[in-house]
1. Separation between the Q259 and K298 pseudo-spin-labels, each 7 Å from Cα along Cα→Cβ, expressed in nm?
2. What distance in nm separates the simple spin-label points at A151 and E235, each placed 7 Å from Cα in the Cβ direction?
3. Would segment 301-363 count as rounded, prolate or oblate if I go by the C-alpha gyration tensor, calling it rounded below 1.5 in a/c and otherwise prolate when a/b exceeds b/c, oblate otherwise?
4. How many percent of the accessible area of segment 1-117 is carbon or sulfur, using a 1.4 Å probe?
5. Percent of Cα-Cα pairs per 10 Å bin, from 0 to the last occupied bin, for segment 199-256, please list those.
6. Cβ under 10 Å from F159's Cβ, F159 left aside: what net charge do those residues give with Lys, Arg +1 and Asp, Glu -1?
7. So, in Å, what gap is there between the alpha-carbon centers of segment 62-110 and segment 214-247?
8. What are the semi-axes of the equivalent ellipsoid of segment 259-311, taken as the square roots of 5 times the eigenvalues of the Cα gyration tensor, listed largest first and rounded to whole Å?
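The values are calculated or read from the model by the stated rules, or taken from the named source; none is laboratory data. Note that the structure is a prediction, hence the values are computed from the model and not measured. Ideal geometry is used to build each Cβ from the backbone, glycine not excepted, and the neighbour counts take in all protein chains shown. Quick note on the areas: whole protein, heavy atoms, side chains included, nothing else; ligands and nucleic acids left out. Shrake-Rupley method; radii C 1.70, N 1.55, O 1.52, S 1.80 Å.
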Amino acid sequence: MRKLTALAQSASTARVLNLSAVHSKHRLDPALIAAPFFAHRLLDRSIILKHRLRPHEYGLFVTPKPTATKILIPIDNEDLRAGAHYAFVGQRDFEAVMQAAFGDNLRPGTRDRIVLDLIDSLPSLDPFLLREQLRRHEVEPARIYFGISEADIQRMFDFVRAQIISLVTLSSKEGTASSSEGAGRLVEKLLSNRPEDGFEPLKATLKLSDKEYLDGVFAWRGFLYYKWQLEELREAITEVALEISSISPRGPRDTEATQYLPEARQRIRTAVGQAISRVQTLLDVYNKAYLGLTEGGKPQGFRDFLLTAPGMFTELGECLGGVQHIISFWRYRFPAGKARLISPSELMDVFLDFEDSLIISPEEAFTRIA
């Protein structure tokens, strides 16, 4: 975010884990004390971003990468205009910075460091996926940190059940009713802390090692989640894209904003379209492999998918995470049905942030095209 104050009361998105806002909104909730996200007080009130690195930031890392996890510690949580201290997870002097800021509380192996490393391992900060990643490693902060409703959980459950019922039918050779019940049990396993326990026959059939199997099943769960998310977002993507194209800021407009805004609108719409196209391409790899397993009797394709899924899962999350961030933040800033009032300079900041969330480097683009 180019203006930290824009995050003052906003919800978390696929790019932003806003623990500061959670404490501001729910400061009296006992769950924040009973089951904190981080044990360290400052870290539990931080803002964590999946940050698209800019060229001048590449040198902070031994091996440059397109996206890094950025920790922001507000100087004053009540007034974010005061600014924040920040560091990138994995930057060259990361251990020294953490020692200076948090002492031994964030040394490798501590509970907070494990949580931070798990966050860094994910391609996005989507609340549902983040919660499941932490639960997988027996870390369960209060649900209030994630903003996930029971209705969201039920829709996800129903979607996954519909997706894998053919696998249950293939395994059980039973009727539709019992297959539906079996699908429900299998979904509970797939979405549990230890989803691998429900898929041992699949592991034996596909001849996978323990690590290949565990990594593959988690990535499979991620693919199903992102497939559900894409379906949930389709209508909103169209609506927000139209609003971005038509929004008219109020107030005086300087030369920079006059030149930037019209071109940025088109770049954002194009980049969103390209991101969604790439997401669909990756999901089609899964769809083809799954159909080959359940309808074509060809397990080799699904085995290949599970072996390559962890790598594709990262790109899938980065592509869809940028789109999710735009939808979430836009709907926070401009609730549906309300007047969209904004100054040219603020709209420029919003568009700059959106472009940072979507645009890939020329080297990365060349690699993907190749």
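1. Distance between the two pseudo-spin positions: 5.4 nm.
2. Computed distance between label sites A151 and E235 equals 1.1 nm.
3. In terms of gyration-tensor shape, oblate.
4. Here it works out to 56 percent.
5. The calculated distribution, bin by bin, is 18, 24, 18, 15, 13, 8, 4.
6. Result for the local shell: 0.
7. Each part reduced to its Cα centre gives a spacing of 29 Å.
8. On the way: eigenvalues 272, 21, 3 Å².
Three semi-axes, in Å: 37, 10, 4.
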